[in-house]
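Enquirer: Let me give you the structure first, and then I'll get to my questions.
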Amino acid sequence: MADLKAPAKARRLAPPMSWRTRLSIFAAGYLTDATCRADGTINRRLLTYLDPGVPPSAAPRNGVSSRDIDVDPATPLRARLFHPVGLPGPLPVVLFFHGGGFAYLSAASLAYDAACRRIARYCGAAVLSVDYRRSPEHRFPAAYDDGFSALRFLDDPKKHPADVAPLDASRCFLAGDSAGANIAHHVARRYAMSSPSFANVRISGLIAIQPFFGGEERTPSELQLEGAPIVSISRCDWMWRAFLPPGADRTHEAAHAASPAAAAGIDSPAFPPAVVVVGGYDPLQDWQRRYCEMLTSKGKKVRVLEYPEAIHAFYVFPEFAESKDLMLRMKEFVAGSDGGK
């Protein structure tokens, strides 16, 4: 396991970046700041204009086809399935949860459509990207409920598309970034507490890319990296208020992964080995390291991938060398060559 010591104080707030990357990051910040309101609501009409989403593509793009499927019509809950073409099944499945502070973006957002396509191509796996319900319209535990419903969907082979390579639910990986990694963790907890009720799904691993956790205190990395790209204290505080139950603070089990209330399920043998990704320019890195320490203290296998020059959400920007490296590490983990060691 990698060293969990905090890095030296950052002298900069971001690594060198091209103007195109800086413009993309500015656009991401504008999308958030222009649509969140002081009363805790979101201007969804404007957000739909700024983040219209892209359609699925039955015709392969970069070797991967995609389609939107109904996971639970009663909710309603949908997901986007990405499957690499030309590979014999059954394929391992990556159940993916996008980031966005529980409130923003979707499985159809351009950045996540492209990211899931890369994951499917590199890992040789089907990727089911869950379009979970978002806050503040749907607070805790709606996103976790939707993630668990997606696992139930995978557990029933009769619900799988019949015209693509078969899905191997016994080789299922939970993955996500930021708030999506938080969701993946809590879905793993729920699975661990009820694994005997699943006939086919077996969770082989958890891939938590810069997970969004927090607490009431301000950590050194939050204070030293205030002003870093994507993440800020004010944005995070707004997102937690929008997601947590009314009246709850950031000691709630959804936010504070090391709190006693959040321990259920982690002690179970069914809780999977984890890969946790930490970026050196991510203000949330102290919380992510505490998360790793908590898992290790409970005897879980954890591999920490440290990227000292990485900002929050770096991997959705393929121009960063770290983005490609992470894809290769995910490929190793899914293939089982060194996952969890």
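Enquirer: Calculate, in nm to one decimal, what residue 87 and residue 297 gain on full extension: separation in residues at 0.36 nm each, minus their alpha carbon distance. Intermediate results must be reported in sequence, preceding the final value.
Expert: Numbers: separation 210, 0.36 × 210 = 75.60 nm, distance 3.92 nm.
So the chain would gain 71.7 nm between residue 87 and residue 297.
Enquirer: Could you check how much of the accessible area of the chain is carbon and sulfur, as a whole percent, using a 1.4 Å probe?
Expert: Working: 7820 of 14000 Å².
Looking at the chain in its full context, I get 56 percent from C and S.
Enquirer: Out of residues 5 or more away from residue 71 or on other chains, whose amide H comes under 5 Å of its own, with H placed 1.01 Å from N in the peptide plane?
Expert: 77, 78, 79
Enquirer: Counting each pair of different Cα atoms once, what's the Kirkwood radius of region 183-268 in Å, rounded to one decimal?
Expert: Details: mean 1/r = 0.0677 Å⁻¹.
Evaluated on region 183-268, it is 14.8 Å.
Enquirer: Which residues' amide hydrogens lie under 5 Å from the amide hydrogen of residue 215, considering only partners 5 or more residues apart or on another chain, with H built in the peptide plane?
Expert: none
Enquirer: If you place +1 on the Cβ of every Lys and Arg and -1 on the Cβ of every Asp and Glu, how big does the dipole about the Cα centre of region 221-273 come out, in debye to the nearest 20? Working shown, then result.
Expert: Numbers: 3 positive and 6 negative charges, 27 e Å.
Value, rounded to 20: 140 debye.
Enquirer: Past the 17 angstrom mark, what percentage of all C-alpha to C-alpha distances in region 41-88 do you count?
Expert: Value for region 41-88: 55 percent of Cα pairs lie more than 17 Å apart.
Enquirer: Something else now. Report the local net charge at residue 198: Lys and Arg +1, Asp and Glu -1, summed over other residues whose C-beta lies under 9 Å from its C-beta.
Expert: Working: positive: 152, 202; negative: 155.
Surrounding charge for residue 198 is +1.
Enquirer: Greater than 26 Å separation of Cα atoms is the criterion. Which listed pairs, 300/331; 158/331; 301/324, meet it?
Expert: Values: 300/331 21 Å; 158/331 28 Å; 301/324 24 Å.
Where the Cα-Cα span goes over 26 Å, the pairs concerned are 158/331.
Enquirer: Please report Rg over Rh for region 50-162, where both radii come from the alpha carbon positions and Rh follows the Kirkwood definition. Mind showing how you got there, number by number?
Expert: Details: Rg = 13.6 Å, Rh = 14.3 Å.
Result for region 50-162 is an Rg/Rh of 0.95.
Enquirer: What's the extension gain from residue 22 to residue 34 if we count 0.36 nm per residue and subtract their Cα-Cα distance? List each step's numbers first, then the result.
Expert: Numbers: separation 12, 0.36 × 12 = 4.32 nm, distance 1.78 nm.
Full extension of this stretch gives 2.5 nm more.
Enquirer: Order 105-116, 168-179 from most to least packed using the mean count of other Cβ atoms within 10 Å. If you can, show how the numbers build up before the last one.
Expert: Numbers: 105-116: 21.2, 168-179: 24.2.
Order by mean packing, descending: 168-179, 105-116.
Enquirer: Sequence-distant or interchain residues sharing an amide H contact under 5 Å with residue 173, placed H: which?
Expert: 93, 94, 95, 204
Enquirer: Name all residues of region 278-305 having a backbone nitrogen under 17 Å from the label point set 7 Å from the Cα of residue 332 along its Cα→Cβ direction, giving them as ranges.
Expert: Only 278-279, 301-305 pass the distance filter.
Enquirer: May I ask you to compute the full-extension gain from residue 68 to residue 13, defined as 0.36 nm times their residue separation minus their alpha-carbon distance, rounded to one decimal in nm? Kindly include the intermediate steps, with their values, before the conclusion.
Expert: On the way: separation 55, 0.36 × 55 = 19.80 nm, distance 3.81 nm.
Using 0.36 nm per residue and subtracting the Cα-Cα distance, I get 16.0 nm.
Enquirer: With an 8 Å Cα cut-off and a minimum separation of 6 or more residues, compute the relative contact order for region 51-337 in percent. All intermediate terms of the calculation are to be shown ahead of the outcome.
Expert: Working: 616 pairs, mean separation 50.2, N = 287.
Reported as a whole number, the value is 18 percent.
Enquirer: What percent do you get for the relative contact order of region 136-191 when only Cα pairs under 8 Å and 6+ apart count? Provide the component values of the computation, followed by the final result.
Expert: Values: 25 pairs, mean separation 21.3, N = 56.
After rounding, I find 38 percent.
Enquirer: While we're looking at this one, here's another question. Estimate the FRET efficiency between residue 61 and residue 163 by the formula 1/(1 + (r/R0)^6), using the beta-carbon distance for r and 25 Å for R0, to the nearest 0.05. Mind showing how you got there, number by number?
Expert: Values: r = 18 Å, r/R0 = 0.72.
Using R0 = 25 Å, I get an efficiency of 0.90.
Enquirer: So, for the chain, what is the accessible surface per residue at a probe of 1.4 Å, expressed in square angstrom?
Expert: On a per-residue basis, 41 Å².
Enquirer: With +1 on each Lys and Arg Cβ and -1 on each Asp and Glu Cβ, and nothing else charged, work out how big the dipole of the chain is about its Cα centre, in Debye to the nearest 20. Don't skip to the end; give the middle numbers.
Expert: Numbers: 40 positive and 35 negative charges, 83 e Å.
That gives a dipole near 400 debye.
Enquirer: Residue farthest toward the positive end of the dipole of region 128-287, with Cβ of Lys/Arg at +1 and Asp/Glu at -1: which of 184, 214, 277?
Expert: Of the candidates, 184 comes out farthest on the positive side.
Enquirer: In deg cm²/dmol, rounded to 500, what helix-only [θ] at 222 nm does the chain give when every DSSP H run of at least 4 residues adds -39500 (n - 2.57) and the total is split over its residues? Mind showing how you got there, number by number?
Expert: Numbers: 9 runs with 112 residues, N = 341.
Helix-only estimate at 222 nm: -10500 deg cm²/dmol.
Enquirer: Then there is this: By per-residue mean of other Cβ atoms within 10 Å, what is the highest-first order of 138-146, 270-278, 194-202, 321-329?
Expert: 270-278, 138-146, 321-329, 194-202
The values are calculated or read from the model by the stated rules, or taken from the named source; none is laboratory data. Owing to the predicted nature of the structure, the values given are computational and were not obtained by experimental measurement. Positions of Cβ are generated from backbone atoms using ideal geometry, with glycine treated the same way; all protein chains shown enter the neighbour counts. Remember, those area values only see protein heavy atoms, side chains included, never the ligands or the DNA or RNA. Shrake-Rupley method; radii C 1.70, N 1.55, O 1.52, S 1.80 Å.
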